[in-house]
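Following: one structure in structure tokens, then a few remarks.
The values are calculated or read from the model by the stated rules, or taken from the named source; none is laboratory data. Only a predicted model underlies this, so the values are computations on that prediction, with no experimental measurement involved. In this analysis, Cβ positions are derived from the backbone assuming ideal geometry, glycine residues included, and neighbour counts consider all displayed protein chains. The accessibility values were calculated without ligands, DNA or RNA, using every heavy atom of the protein model including side chains. Shrake-Rupley method; radii C 1.70, N 1.55, O 1.52, S 1.80 Å.
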Amino acid sequence: MTAPASPTPSNPLSQDELKAQVGLAALAYVVKGEIVGVGTGSTVNKFIDALASIKDEIKGAVSSSVASTERLRALGIPVFDSNEVEELAVYIDGADEIDHRGFMVKGGGAALTREKIVAAQSRKFVCIADASKLVEALGAFPLPVEVIPMAARRVMRQFASMGGIAQVREKDGLPLVTDNGQHIVDVTGLRITDPLAFESEVSQWPGVVTVGVFAHQKADVCLLGTSTGVKTLQFGA
């Protein structure tokens, strides 16, 4: 596989090139001979493409979405159901936001529930992202929340009581339906200063399947694509 171009002051990398750079760098965290957890999204697609170059060195993957499963299989990488695997050495996925403690907002691709399941099954979470995703506090990116459809309006009212503005995500003029058959509520206007407490609270609301704050399943490492190359951020427990 051809390595991404190196940045120079006169030739800064595009966002797409930064994604390719961190996708390639993530190969260093793949444990040979094991099954790797694979997330969802445009940055992860770059990782999947890179993973194909070492597919003969791994058993296969557990995927967090139908889209990633299709891409993996198209490249000849076996995909296992999560129930077939006791534990994964590493889970590699992107983020819509990540702070300096490794807490994330995820779910822009509507796969947050399966992403959180695979993350919980893995010993290490490696986040791959470009530098625009690093934030001081979570909340600027619309927070995705997967909900049972009949609970959507009540969940939206609960966010309104917190100062959030919520709306049901649509596709082609109709509510988007996730791989799990549920809907997504996107919430703006929040500043999430205590992600652990926030995730714990919202997860208890009736009708919430998964909230897109990944605090209990935070990143252990973040490979951040920057104008000067890949920067590795390590997060403590």
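Which FRET efficiency value, to the nearest 0.05, do you get for Glu34 and Leu196 by plugging their Cβ-Cβ distance into 1/(1 + (r/R0)^6) with R0 = 22 Å?
Details: r = 29 Å, r/R0 = 1.33.
The value I calculate is 0.15.
Calculate how many DSSP beta bridges within region 111-237 are antiparallel, expressed in % of all such bridges and rounded to the nearest 5.
Details: 21 of 26 bridges.
Around 80 percent antiparallel, to the nearest 5.
For the chain, what is the convex hull volume of the alpha-carbon atoms per residue, in Å³? It would help to have the intermediate numbers written out before the result.
Working: hull volume 31.1 nm³, N = 237.
Value for the chain: 131 Å³ per residue.
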If you take every DSSP beta bridge whose two residues both sit in the chain, what share of them, in percent to the nearest 5, is antiparallel? 60 percent
Which whole-number value in Å² is the accessible area per residue of region 36-157, probe 1.4 Å? 39 Å²
Solvent-accessible area, 1.4 Å probe, carbon plus sulfur percent, for the chain: 51 percent
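Based on the Cβ-Cβ distance of Ser53 and Asn83, what FRET efficiency does E = 1/(1 + (r/R0)^6) give at R0 = 30 Å, to the nearest 0.05? Mind showing how you got there, number by number?
Values: r = 28 Å, r/R0 = 0.95.
Efficiency for this residue pair is about 0.60.
What number, rounded to the nearest 500 deg cm²/dmol, is the helix-based mean residue ellipticity at 222 nm of the chain, given -39500 (n - 2.57) per DSSP H run of at least four residues and division by all its residues?
Working: 6 runs with 57 residues, N = 237.
Rounded to the nearest 500, the figure is -7000 deg cm²/dmol.
Take every DSSP beta bridge whose two residues both sit in region 52-185, then give the antiparallel share in percent to the nearest 5.
Numbers: 8 of 15 bridges.
Close to 55 percent.
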Can you pull the one-decimal nm distance between simple spin-label points at Ser161 and Ser132, each 7 Å off the Cα toward Cβ? 3.6 nm
Starting with the highest mean, order 204-210, 105-111 by the number of other Cβ atoms within 10 Å, averaged over the residues of each peptide. 105-111, 204-210
State which entries of Lys116/Lys231; Lys19/Lys231; Lys106/Lys133 exceed 19 angstrom in Cα-Cα distance in the structure shown. Lys116/Lys231
